[in-house]
1. With charges set only on the Cβ (+1 for Lys and Arg, -1 for Asp and Glu), what does the dipole of the chain come to about its Cα centre, in debye to the nearest 20?
2. In the chain, what percentage of the DSSP-assigned beta bridges are antiparallel, given to the nearest 5?
3. Along each principal axis of its Cα atoms, how long is segment 47-94 end to end? Whole angstroms, biggest number first, please.
4. Would you mind estimating how fast the chain diffuses translationally, via Stokes-Einstein at 37 °C and 0.692 mPa s with the Kirkwood radius over Cα pairs, in µm²/s?
5. Give the residue list of trypsin sites (Lys or Arg not before Pro) in segment 190-232 that are DSSP loop and have at most 11 other beta-carbon atoms within 10 angstrom.
6. Rounding to the nearest 20 debye, state how big the charge dipole of segment 31-85 is about its Cα centre with +1 on each Lys and Arg Cβ and -1 on each Asp and Glu Cβ.
7. Only sites in a loop by DSSP and with at most 16 other Cβ atoms within 10 Å count here; which trypsin sites (Lys or Arg not before Pro) in segment 156-190 make the cut?
8. Among the listed pairs 106/168; 156/176; 56/174; 33/168; 33/56, which are separated by more than 18 Å between their Cα atoms?
Amino acid sequence: MRILLLTLLLWIAAPVYAFQVQPMVAELAPMGKQAQRNMRIVNIEDTPLTVEVSAKNLVINSQGEEQLTNNDSDFLILPMTAVIPPGQAQTIVVRYIGEPALVASKAYRIVIDQVALPNQAQSSVGMALSFRTLFNVAPEDAKADLAITDIRSDEKAWQVNISNSGNKYIRLIKTKWILQQGEEQRIVQGPALSAALQTSFIPPNSARVIGFTPPPGFKAETTKVRIEPLSH
């Protein structure tokens, strides 16, 4: 009985999705072949799936609050609505057709919403689902330029004020953090960094306060922190 109860609890707690989307993160060029990506939506349900695809402007303020507004002009999306049979996949073409002479990268959410038609069930979990992918359009040779302006500590984490004076976004999970406290040095990157960060995305020409859980023994007031991009 205990094993059965545990299994049921795990099943209830686990996320269940009616469909899968790839990619969830992508970078586009403002023109040319690299201005287009194909998205793949897979219906893993045993009933037909209807989805609508739309583009939204993504703005993030210094406190990490995300603001989305509809954008009907910067992308060509084909098809914008699709009915996907059970177990089948649909390719969605997403092409940037906005301003080609960008001076800094722009961030968007390409949103895939499940649409419940009158004669269709929503999903096996009884709700309409939505995926919000992250698409960035960046000019050639754009770069992020990060600087740490302040580090403060609360009971649970450091609050790291990071400015990005460059003309390209940065995803901090694609960096490494070098912590120096006296003679002790620690490099945090990869899964460890992903687990330590409360958020990761910093737009160009902006600043954000990033929550960071430091390794044991490191104190904000005595630690110097340097952020470097991962080498490819």
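None of the figures in this text is laboratory data; all of them are computed from the coordinates on show. These numbers were taken from a predicted model, which means no experiment stands behind them. With ideal geometry, Cβ positions are generated from the backbone for all residues, glycine too; neighbour counts draw on all protein chains shown.
1. Roughly 360 debye, rounded to the nearest 20.
2. 95
3. In descending order, the Cα extents are 42, 23, 13 Å.
4. On the way: Rh = 20.2 Å.
The estimated diffusion coefficient comes to 162 µm²/s.
5. 219
6. Computed about the Cα centre, the dipole is about 340 debye.
7. 156
8. Pairs exceeding 18 Å: 156/176; 56/174; 33/168; 33/56.
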